[in-house]
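Remarks on the structure that follows.
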Ligand code: HEC
Ligand code: HEC
């Protein structure tokens, strides 16, 4: 089957759009290969063109269409594979305003790469490993490389989970003699916390 000839309602990516401003953050790239990074960036562009009129496609903010779930919540609702199939086989959810798409497997794959990228727990894990693991233990049984830095899995012993956002924001903003000041957005912070919550017993 010729996919391209059926690409009538799906906006393919204009080459120039690559130069446009990137929503994606370099803050979490550390362990991601260049090919994956390219696919994620491309997926973000495709999502911006084809999905963002209804769905919030980023880590933070609300969807424009009230009934369209933000992309960062899709992982709680269904598997990435089913999202891929949904796009590829043009299966819009029943009784919805969601348009049917006819896209190539590669495009569907790139959009799924982007959707995976903004799932908060996985995103927070990457952020923590790239930016905090130098000092804090970020797993279930590792030791903090910097002994004075509390292992993230123990943090709820010091802060109630609801207070984590404030404690983190303050700590990240003011730093500490031994802790660097970070530029981190609130959605990134929430992603780190979502990951840390999964570590608490
Ligand atoms: C014109 C608005 C619109 C556009 C454009 C749109 N969607 Fe949706 N989408 C919706 C709405 C509304 C729902 C909720 C449907 C429902 O549950 O009835 C939805 C649901 C979904 C779901 C299922 C969520 C669940 O309940 O499991 C996925 C996955 C999804 N959209 C992905 C996409 C992707 C990927 C794109 C871009 C390629 C896209 N959508 C473009 C409106 C849209
Ligand atoms: C260069 C080392 C270093 C890095 C990198 C680092 N921290 Fe820290 N952090 C520390 C030290 C040391 C402490 C404990 C000092 C203190 O409590 O005053 C600390 C304390 C904290 C606290 C407060 C806990 C408490 O006991 O008050 C939080 C929250 C925190 N770090 C979060 C983070 C996050 C999130 C990151 C990554 C974005 C990060 N840190 C990266 C060294 C670091």
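Where a number appears in this text, it was derived from the coordinates with a stated rule and is not lab data. Keep in mind it's a predicted model, so treat the numbers as computed, not measured. All Cβ positions, glycine included, derive from the backbone under ideal geometry; neighbour counts span all protein chains shown.
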Percent of Cα-Cα distances greater than 12 Å, calculated over region 71-113: 58 percent
Residue exposure sequence - 44, 94 - by fewest surrounding Cβ within 10 Å: 94, 44
Binned Cα-Cα distances of region 122-199, short to long, each 10 Å bin given as a whole percent: 19, 60, 21
Relative packing of 186-194, 85-93, 113-121, which averages over residues the other C-beta atoms within 10 Å, highest first: 113-121, 186-194, 85-93
Of every Cα-Cα pair in region 66-201, the percent that sits beyond 20 Å: 54 percent
